[in-house]
Structure formats: C-alpha cells, structure tokens
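**Q** Got a structure here, written out as structure tokens. Questions coming.
The values are calculated or read from the model by the stated rules, or taken from the named source; none is laboratory data. Note that the structure is predicted; figures quoted are calculated from it, not measured. Positions of Cβ are backbone-derived with ideal geometry, glycine not excepted, and every protein chain shown enters the neighbour counts. Each accessible area value is taken on the protein alone, full model and side chains, heavy atoms only, with ligands, DNA and RNA left out. Shrake-Rupley method; radii C 1.70, N 1.55, O 1.52, S 1.80 Å.
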Amino acid sequence: MTDWADGVAVVPLRKKSPRALARLSHERGLGFDARELGRVRTYFLREGRDPTDVELAGLAQSWSEHCSYKSSRPFLRRAFSSLRPRPRVLGTGDAGVMQFLGGYAYALRIESHNHPSAVEPYGGAATGIGGILRDVLAVGAKPIGLTDPLFFGPLDLPPSELPPGVKSPRYLANGVIAGIRDYGNRVGVPTVSGSITFDPAYVVNPLVNVGCVGFLRRNRLLPNRAQSVGDHLVLAGGLTGRDGIGGVAFASKELTDRSESESRGAVQLGNPIMKEPLIHACLEAFDRRLVRGLKDLGGGGVASASGELVHAGGFGSAIDLARIPLREKGLRPWEVWVSESQERMLLDVRPSQLAPLLTIFRRYDVPAVSIGRVTNPPFEELTWEGKPAARLRVGFRVAPTPLRRPLRKRAAARLPSPVLPSKDLEGLFTELLLAPDSTSRERVIRLYDHEVQGRTAIRPLHGRLTSPSHGDAAVLQPRPEHWAGLAVATASQPWACREDPRRGAEWVVEEAARNLYAVGARPDAFSNCLNFGNPEDPGVLGDFSSVTQGLAAAARALGFAVPSGNVSFYNGGLGAEIPPTPVLLATGIVRDLRRVATSDLKEAGNALFLLGTSAPQLGGSLWARRHDRSGLALPPTAPRNLRRLGERLVRAIEAGTVRSAHDISDGGLAVTLAEMAFGGGLGFDVDLAVTGLESAGTALAAEGSSRFVVEVPAERSTSFARSFQGLPCARLGEVTGEGARLEWSGHHLVKIPLEPLYVRWRQGPGLPG
C-alpha cells in the first residue's frame, strides 16, 4: 500500500455501484459521465488500488469538454486537417503560425471566455485577454494585436424579463468592455479589431471571444512539447491561489440560476501588471535559446499544461507540487495541481541553461522555479512534501477517447423573401442605419488603445478625425523597416447560421475575405472560435458538423489556411440556447502599406462602382431580424467567384486606382453607403436599379451575395471597369458634396439628409464611452 503524502486523500471507488460513482462525480464536481466513470474504475482496478483526490482532479480537468474536445475532435480533424499546408503553415500548437516575409512569421488564435464573463463580466473578459496573449506567447511570438467579438442580449431589456439568476445585458456589456480595456491597455497590446452584436439569444449566455496575433522570427518558433529526459519543468509567472479551480468543469456545462453562487470561484483573477514583465522575460529567454518548449497555463492549470507538454513529446514527468509558489496558505495538493491562477507559463529547460534562465526572470521581478523534470514514459509522478501524491499514465489522463455522440442535421430555411416596397425609402434607410447592430462603435473603440507599439497603420476607425466611421479591417506593420503589412479582421453571422448552418458558415468565411480584400489584403489564414449549445443534443451536434463543413469548403475555395481554432460548447441554459455562432479572426497579407484602401469617401465627383452580383434573398439579414422574419432562404454563396473578384480589387488598390472600398454586409447597401459617406463627410447619388433587384427597398436592404462598393476617380472609371471585364462590375453612381440621393433607372426617388442621421448614428447603442 502506498504511503501517500499528508493532505492527499484516497477516494474509494473500485467497489462503488454506477449510481454511487455518479453521485461521487456530482459531489466533487468532476463532470464524468457514466462511460468515463467506468473507464476510470477499470483503470484503477487494473492498478489494484483506489485513486487519490489529486489523480481524480487531474483526470477531471483533462477529460472535460473544454480541454479534451472529446465531442468535437472527429469533426475538426475531418474538416480542417487538409487546410494546414506546409510550408505556409509553420505550426499548429497553442496558436497557429504562418509564414510572413523575410524570414519572419506571425501567430494567430481566437478563443472564448463565455461562462466566466456571464458570472463575473469584468474578470471573465480580462482573463480572456490574458489567456489569448499567453497562447500566442507559447509559440515564441510577441503579441502585437488583439480582437474582441462580443455578443450580448438587447441593452434595453427590462429587468422583469430577465430569467432568474441572469444579469442585465447592459451590466454584462459594461463589465466586459471595461475588463478588455483595462487588461489590454495595461499590458501594452493594441486592440485593433472586433464587433459587438445584440440579440435576445445571448441574454442568458453572452459570448466573449478574444483573439490575438503575434510576430516572431521563424527561427524562434517554439514547440508545445518537451524535448529530452532530464529537462527541467520551470513554472514562471504569477503565484498560485484558489481562483479558477474547476474552471474547465464550469465551462463544460450549461449555465443555471445557481451559477453565480456555485461557480464564481471558478473565475480566474487577472493581473496585467505581472503579465507584461512575464512577456518580456519570456521573449528574452526565447532570444537567448534558453527555452526548448513550453505551454501556457490556462484551463486545468499545471495539470493540463504539464501533461500535454510531456505527452506531446512522448515522455513522462516527475513534479513536486510543494515547489509551486503559492499566493495563500492552506491549499491542498489537488487544489495546487488544478488551480487556474493566471499569468503563468511552463517552460522546458536544459539543466545547463536553468541558471541563466532564472537570472532573466529575477531581473524582471517575475517568480520562476523548477517544479520537476521530464522523465521516461509512461508515468507522471507527483509528490507533496517528499511523499507521493499521484502516479498516472500520462496518455490515459491527457488523451481521452473521443465521444461518438448522435447527431441530427436539419433542413435549410427555404421560404421566399418578400419584395420590399419602395414607398418609404427614407424610413427603411433610417431603420437599418440606426439599428443597435449598425450604430457607431466609436465610443467603445476609443476606450481601447489601438495604437500602442506603433504598428497600427490602418486603424479600426476610418475617415476624418471629426467624423470617423467603421472600416473593414485594421492593418498592422509588423516590421517598421518593411512596407509589408498584416491585415486583421473578424467575422460572424449567427443569424445566417441559424437559418442554414452550412451555407451560413460559408457566408462567414466570405465576409472575412471581403473585409480583407476591401483594404487591399489577400486572405491568408483564419482561426475560428466555434460557439455552440449542448453537444449532447443531436441537433446542436448536427449544426456543428454542418458549420465545420461549410467553413472548410469556403476556406479551401478562398485560399485560407486554418492553423488554429477553439470550440466552446454548452452555451445556454435555463431553456435558452445560442444559435450556431462561428467567429473568425482572419488575416491577410498587404504587399505595400502605401497601397491600401479605407472605407471613407474621398472626393465629390468620384465614381462609385458596385462589384459583385446582387441577390434578393433576405434570410439572416438585418431587415429580417428587425421584422422577426425567420425561415427565409439565404442568398447563394460563391467563394470561388469572390476570390476572382477580390483578387481584381486588390490589384486595382495596388495600382492606386481605388480611393475607397467597403464590403456590403449587415444592413445591406444602405449601411455600406452611409458609413462611407460619414467617414468622408460627403454624400452620394446612386441608382438602385443597377443592383438588378426587383425594388428599391430590396436593393437597399439585401446583403447578398458577396459585393463591394468602390470609389474611383472619374477620369479612371473607364479603365477600372475594363479591368473587371468578365466579372460583375457596374457604375452605381457618384460621390457628392452632401446627402444621400437615391434613384431608380434615372428617376429621382428621395434625397435623405445625412448630417442629422450621422449625429444619431454616432451616439451608438448606449455602450460606455
């Protein structure tokens, strides 16, 4: 019989009945289902002993949906494994790594912090930013840009309509935005892209997705695996406390009216003041070749990070839990093992390089200590104050068998769209423009420092300082001495995915590509955050399967690599469930930053062109949402056609022909033209019949298919049109001094004053500022 360490408890389970095992799992918050409990019991029957609480806690973290992807792994492998072409894709670890020019590379990753933000919005969002920074750092990259796609319930929802235990959408939004602002600004990484969406589907479970891009020399790329037996495992960064214990189990179940009281301790505590020197210390250690491999400590804490690090290298480990620096006294060994305290990294270091590495971290005043060694496989052996605390096969713990859950696919929405009347175009134009999903995000964007580090060449707000408007993508200059740029954009379309998961997913990828093309970037890669409901529901898993297939098909057609991603299940509860919400962080390459486009109109008299084919279907559109019209068919998607159109547009931008460009998305032509005019302080005169649609109302509101509005100098309009020969390109109208003049086949319909609309639009939806 093993003489276990003091503070380590043996949990008798070999002789327990299935019902007693289930009760044990529930009482300890382990999250095992019946099959998993059976596997655990069988393992320890073979070992001839019962497990310790340390072993069970580690298993629970690694087998959680959040860590193991046990429900999604087969779908992800089938969809995306062929979209990681070498040598373009250099790495697919904690963050994806892509080739850049001149011996450099960039990293990208997006993930979720949904459940913590629903319980404690400020801390949940802040630690989401902290986690995504570590993911990029964990491949050897310096973080250079953040993104924050956010989804909330309607801000004006009356308290009487909130389900029990659910916080007000306005309270959640204010807390989340403040958390992102404070963490990102204090750690010195610019927030350059994002979105804010409102829908009743996100009342119970808001979505807080956070993305990051980083930059590195290719020869500094580091693996997320251990390298040699005998290497030290060095824990660097913040101290370990009780915060975040059980975080991955909390993220692997639906929210309830008791989540606030039961799971608040599962929310981690962020510390950006520790994160900044931790980043600098790591980067210096990377430059001096003192680190051989590493993992960031997120979900599951030391348990997940150490297990994944050594298992990926084919090794085992020996770890002394008592060597882990603590923030408070009295933590039990299992708590130390699975705590998700923030700002920590686990480094694989040669014995001969341990002293110089620790010297670097001391200079930055960042705690760092060797907590163990890499050993021969297959066991991880943990001790506490000189006595055993756990001994498990690493592969059994960190690589659980994927689950084969049943799925059910549904038919796509097919109802025909109405022809919108043309009698009150000013009312329709105003309705679309002033909808909460359309109004200006300037007040929020200006809370974030989007220029720190001095790399932001194209900012998130385009246009004049006195009248800024929305752009399609930000563009970073990773190397000050080189004119090549990296464009960063986000995209999502949950309403389209709700109507038709596969085509909706294709629409999301097309939107990401359009955002990049519109600034003069060629699509290069995207990282996806797949936000879904309960995977135990066959309908949810059917939607998940369809979405992954749609994302992969469109990525292949548009030339996107998919080197990284994240899955967030169990978004819902209290009878509510979110629609399928895939969110993309997309990147594109700009060959010359001196040849880019922004969305703001530049000069009266310039020509306006419509690129792409208009479609009358209104499924998933802003108009359909405003009028509660569900079941409408989506516009067709054609990613291969978009790629040809986008390539011609980028060439025209590089040739200096294009003065401004904006893609047509949420709110259709109405919102696109208004945003362009707002940014330039100008107006427009357009003929809506050019769209080829049946009515002027439909022409204003329709969002499909993939289209752009492009501004070109009048004297170059003929050559511009000729450059698009064989592709859909039509003269839409011209830039004017003020106002929005709408025509139909040359006949005047209405002129709408834009200045008073801009004043109302700029006020935004009521978010903090």
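**Q** With a sphere of radius 12 Å drawn around the Cβ of Arg722, what net charge do the other residues whose Cβ falls strictly inside it have (Lys, Arg +1; Asp, Glu -1)? Don't skip to the end; give the middle numbers.
**A** On the way: positive: Arg648, Arg716; negative: none.
Taking every other residue near Arg722 into account, the sum is +2.
**Q** Would you compute, for the Cα atoms of the chain, the largest minus smallest coordinate along each principal axis and list the three values in descending order, in whole Å?
**A** 92, 56, 42
**Q** Pairs of Cα atoms under 8 Å, at least six residues apart: use those to get the relative contact order of the chain, whole percent.
**A** Relative contact order, the chain: 15 percent.
**Q** Please give the peptides 200-206, 637-643 ranked by average Cβ packing (other Cβ atoms within 10 Å per residue), highest first, as a rough proxy for protection.
**A** Descending packing order for the listed peptides: 200-206, 637-643.
**Q** What's the angle, to the nearest 10 degrees (0 to 90), between helix 53-63's Cα axis and the longest principal axis of the chain?
**A** For helix 53-63, the angle is close to 30 degrees.
**Q** Before I look further, what does the chain give for accessible area per residue, probe 1.4 Å, in whole square angstrom?
**A** About 35 Å² of surface per residue is accessible.
**Q** For region 269-365, state which trypsin sites (Lys or Arg not before Pro) are in a DSSP loop and have at most 15 other beta carbons lying within 10 Å of their beta carbon.
**A** Sites meeting the loop and neighbour criteria: Arg288, Arg289, Arg327, Lys329.
**Q** Would you list which aspartates and glutamates come within 17 Å of Lys423, measuring only between C-alpha atoms, while excluding same-chain residues fewer than 8 positions from it?
**A** Within the straight-line cut-off, Lys423 pairs with Glu431, Asp687, Glu694, Glu743.
**Q** May I ask for the angle, rounded to the nearest 10°, between helix 668-680 and the longest principal axis of the chain, with both axes built from Cα atoms and the value confined to 0 to 90°?
**A** Around 90 degrees separate the two axes.
**Q** Which of Met676, Ser665, Ala638 sits farthest toward the positive end of the charge dipole of region 626-691, with +1 on the Cβ of Lys and Arg and -1 on the Cβ of Asp and Glu?
**A** Ala638
**Q** Between the alpha-carbon centers of region 614-675 and region 136-167, tell me the distance in whole angstrom.
**A** Result: 26 Å between the Cα centres.
**Q** Taking H placed 1.01 Å from N in the peptide plane, check which residues at least 5 places from Ala226 or on another chain put their amide H under 5 Å from its amide H.
**A** Val310, Ala312, Gly313
**Q** For region 485-632, count all C-alpha to C-alpha pairs, find those more than 26 Å apart, and express that count as a whole percent of the total.
**A** Every Cα pair in region 485-632 considered, those over 26 Å come to 34 percent.
**Q** Kindly flag which residue pairs out of Lys275/Lys295; Lys295/Lys409; Lys70/Lys329 have an alpha-carbon separation exceeding 25 Å in this structure.
**A** Lys295/Lys409; Lys70/Lys329
**Q** Another question, then. Treating cross-link reach as a plain straight distance, find the aspartates and glutamates whose alpha-carbon is under 18 Å from the alpha-carbon of Lys167, omitting any fewer than eight places away in the same chain.
**A** Answer for Lys167, where 18 Å is the Cα cut-off: Glu120, Asp156, Asp199, Glu254, Asp257, Glu260, Glu262, Glu577, listed by chain and number.
**Q** Going by average Cβ density within 10 Å per residue, which order do the peptides 43-49, 489-495, 173-179 take, highest to lowest?
**A** In descending order of packing, they fall as 489-495, 173-179, 43-49.
**Q** Within region 716-754, report the trypsin sites (Lys or Arg not before Pro) that DSSP leaves as loop and that have at most 13 other Cβ atoms within 10 Å.
**A** Answer in residue order: no site qualifies.
**Q** Helix 169-187 against the longest principal axis of the chain: what's the angle in degrees, Cα atoms only, rounded to the nearest 10?
**A** Result, in degrees: 70.
**Q** Would you work out the charge dipole size for region 550-659 about its Cα centre, treating the Cβ of every Lys and Arg as +1 and the Cβ of every Asp and Glu as -1, and quote it to the nearest 20 debye?
**A** 380
**Q** Students often forget the sequence filter, so: which lysines lie under 26 Å Cα-Cα from Lys602 once same-chain residues fewer than 8 apart are removed?
**A** The reachable lysines, counting only those whose Cα sits under 26 Å from Lys602, are Lys751.
**Q** Now a separate question. When a/c reaches 1.5 or more, the comparison of a/b and b/c decides; with that in mind, is region 411-450 rounded, prolate or oblate per its Cα gyration tensor?
**A** Values: a/c = 6.26, a/b = 1.69, b/c = 3.70.
Here region 411-450 falls in the oblate category.
**Q** Taking the Cα centre of each part, how many Å lie between region 57-132 and region 420-472?
**A** Their Cα centres are 29 Å away from one another.
**Q** Cα gyration tensor of region 53-119, axes a ≥ b ≥ c as square roots of the eigenvalues: rounded (a/c below 1.5), prolate (a/b > b/c) or oblate?
**A** Here region 53-119 falls in the prolate category.
**Q** Further question on the same structure: For the chain, which whole percent of the accessible surface, found with a 1.4 angstrom probe, sits on carbon and sulfur atoms?
**A** Reported share for carbon and sulfur atoms: 49 percent.
**Q** If you don't mind, there's one more thing I want to ask. As a test of the formula, what do you get for the chain when each DSSP H run with n ≥ 4 contributes -39,500 (n - 2.57) and the sum is divided by the residue count, at 222 nm and rounded to the nearest 500 deg cm²/dmol?
**A** Working: 26 runs with 261 residues, N = 769.
After summing the helix terms and dividing by the residues of the chain, the value is -10000 deg cm²/dmol.
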